[in-house]
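Notes for the one structure printed next.
Where a number appears in this text, it was derived from the coordinates with a stated rule and is not lab data. Values in this document were obtained by computation on a predicted structure and should not be read as measured data. Virtual Cβ from ideal backbone geometry, glycine too; neighbours counted across all protein chains shown.
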Amino acid sequence: MEKIHSLSGMLDLISHKTQKEDIANRIFHTEEILRNIFEGYSFSEIRTPALESSSLFKRSVGDTSDIVNKELYSFFDKNEKSITLRPEGTASVIRSVVQKKIENEKHKLWYLGPMWRYERPQKGRYRQFYQAGIEILGYPEGLAELEIVSIICSINKALGLENTVIKINHLGNNETKQNYCEALKEFLIPLSSKLDDKDFERLNKNPLRILDSKSTDTQEILKGAPKIIDYLSDSALDTLNIIKNTFADNCEIEIDPNLVRGLDYYTGFVFEAVSSSLGAQDAYLGGGRYDELCKQLGGKDLPAIGMAIGIERLASLAKTHKESKTLISFIILSSNIEPKAYKIAHKLRSINNLIDIDVQLSDGSLKSKLRRANKDNAAYALILGEDELKSKNIIVKSLLDLNSEQVTMSLKNIDSFIKKIK
Ligand code: HAM
């Protein structure tokens, strides 16, 4: 029969205890580190549905963005309602806060989950990928910006990242954005015959996005274009300089006047962290301030800033690994004693949570089970047969020290032996 494969751009993640370098282990380790960092900064978890009304993303991410234009996984449900697998988490967080009428309060929220974008799959770009994100709601520009950059520096350090740069820019308020877009259009219109189709379309729909163009011709043209930095207020420029100077000792931070983000809701401070080790898809996180979004989604005025991290990209850069616990392989030698033996293993597990106990579930000879214990890097094998059980004993074999003899221990003493293992 024909085999069924996963969809293109969607990964299965199967971790192996002993292969710390594999992508699944890296991803799960990265997620754990991020969770600890977010909780350490006193963020609370939020979990929103993977499916939302399609209109949510059109009204937030914006219908001039690539995401909404080309990349949404949208369907009609059985009720003919247009629904979409979320391409990002920010819109859902704000939808939820508005729906629960809690936009008067301040919130520091984090989330982790799959997102979907119908992009052309390539290295570091998937159609289902995982994001961890944070959203700081209710705080105007200032300390919240510093907190976000502090978190990025903490992530870089916790995962031992190398060759990273945090690019920052400021888009000003809506008025600055408008004035700048007009100046940019004025500069580009006489040169528009040199733009490719994509950038020509952007010129009409959302000129700011041209700054993000991958076309070398456009990039050349942009060298002479007006810079947003010249349109910014003193306070916006101060924000950029304060951020850069505050963390100069911790992270490499660079002001990039061409940094605009691919989503329409940003105003004010924006940023991306990139690594030269990632190849073409070099951003492992991005975000910014989006003070207008809550109102756009029918809520009240809510100053807000956030970021999302691409877990697969970050995990591929991580230099640290999950510390493994000491593993004990528990070997039962006869099917006649399985329930009693398992009960002993169950009790041992509760004695010391610094260790893992793997009861070998398969049939097989003692030799093959010891081979498996060695392959799994177990520190000890505990071996229980009918004779041992009858005499209330258990055999302890150290697998790390090849010269040590196995010892028979009474079941009474095994508790204190297990308790001492670190
Ligand atoms: P974004 O820049 O679209 O921002 O995505 C954030 C990160 O998700 C990217 O830097 C990248 O690492 C990862 N990413 C995006 N698309 C893919 C893909 N197809 N495959 C693998 N990784 C991907 C947002 O999503 C905003 N919601 C961030 C934000 C939060 N802004 C404010 N709050």
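Can you spot a residue in the range 243-255 that is touching a residue at least 12 places away in the same chain (Cβ under 8 Å), within 15 Å of the ligand (Cβ to nearest atom) and either touching a strand residue (DSSP E or B) at 6+ places or on another chain (Cβ under 8 Å) or under 23 Å from Ser154 (Cα atoms) (or both)?
Going through the range 243-255, the residues touching a residue at least 12 places away in the same chain (Cβ under 8 Å) turn out to be 243-244, 246-247, 250-255.
Going one step further and asking which of them are within 15 Å of the ligand (Cβ to nearest atom), we end up with none.
No.
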Quick one: how many residues across the range 100-132 are farther than 22 Å from Ser8 by Cα and either of a type in the set (Lys, Arg) or exposed (fewer than 14 other Cβ atoms within 10 Å of the Cβ) (or both)?
6
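Sort out which residues of the range 388-422 are among the aliphatic types (A, V, I, L, M) and exposed (fewer than 11 other Cβ atoms within 10 Å of the Cβ), and write them in order of number.
Initially, the range 388-422 is screened for residues among the aliphatic types (A, V, I, L, M), giving 389, 394-396, 399-400, 402, 407, 409, 411, 414, 418, 421.
Of everything in the range 388-422, just one residue is among the aliphatic types (A, V, I, L, M) and exposed (fewer than 11 other Cβ atoms within 10 Å of the Cβ), namely Leu402.
For (1) under 30 Å from Gly279 (Cα atoms); (2) among the small types (Gly, Ala, Ser); (3) in contact (Cβ under 8 Å) with a residue 24 or more places away in the chain, each residue gets a yes or a no:
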| position | (1), (2), (3) |
| --- | --- |
| Asn79 | no, no, no |
| Ser82 | no, yes, yes |
| Val93 | no, no, yes |
| Lys106 | no, no, yes |
| Leu112 | yes, no, yes |
| Pro121 | yes, no, yes |
| Ala132 | yes, yes, yes |
| Glu141 | no, no, yes |
For Asn245, which of the numbered conditions (1) in a helix (DSSP H, G or I); (2) within 25 Å of Asn69 (Cα to Cα) fails to hold?
(2)
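Would you point out which residue out of Ala373, Ala381 is touching a Lys or Arg at 6+ places or on another chain (Cβ under 6 Å) and free of Cβ contacts under 8 Å to residues at least 60 places away in the same chain? Even if it seems obvious, please write down each step before you answer.
On the way: Ala373 fails: touching a Lys or Arg at 6+ places or on another chain (Cβ under 6 Å).
Only one candidate qualifies: Ala381.
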Which of (1) more than 9 Å from the ligand (Cβ to nearest atom); (2) touching a strand residue (DSSP E or B) at 6+ places or on another chain (Cβ under 7 Å); (3) farther than 30 Å from Asp238 by Cα is the odd one out, the single condition Gln99 does not satisfy?
(2)
Only residues that are in contact with a Lys or Arg (Cβ under 8 Å, 6 or more places away or on another chain) and more than 30 Å from Lys100 (Cβ to Cβ): list them for the range 299-323, please.
Ala315, Ser316, Ala318, His321, Lys322
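Taking the condition of being among the aliphatic types (A, V, I, L, M) and part of a loop (DSSP other than H, G, I, E, B), how many residues in the range 331-352 meet it? Spell out how you get there, then give the answer.
Quick first cut of the range 331-352, residues among the aliphatic types (A, V, I, L, M) only: 331-333, 337, 341, 344-345, 348, 351.
Applying the additional criterion that residues be part of a loop (DSSP other than H, G, I, E, B) yields 333.
Qualifying residue count for the region: 1.
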Considering the range 1-32, residues that are within 16 Å of the ligand (Cβ to nearest atom) and in contact with a Lys or Arg (Cβ under 9 Å, 6 or more places away or on another chain), and then whichever is farthest from Arg117 (Cα to Cα), we arrive at Arg26
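Considering only residues of the range 100-115 that are in a loop (DSSP other than H, G, I, E, B) and of a type in the set (Lys, Arg), which is farthest from Arg313 (Cα to Cα)?
Going residue by residue through the range 100-115, those that are in a loop (DSSP other than H, G, I, E, B) are 100-106.
Checking the rest, the ones that are also of a type in the set (Lys, Arg) come to 100-101, 106.
Working: Lys100: 33, Lys101: 35, Lys106: 31 Å.
The residue in question is Lys101.
Rundown of residues vs (1) within 30 Å of Lys244 (Cα to Cα); (2) touching a Pro at 6+ places or on another chain (Cβ under 9 Å), yes/no style:
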site	(1), (2)
Val260	yes, no
Phe271	yes, no
Pro303	yes, yes
Ile337	no, no
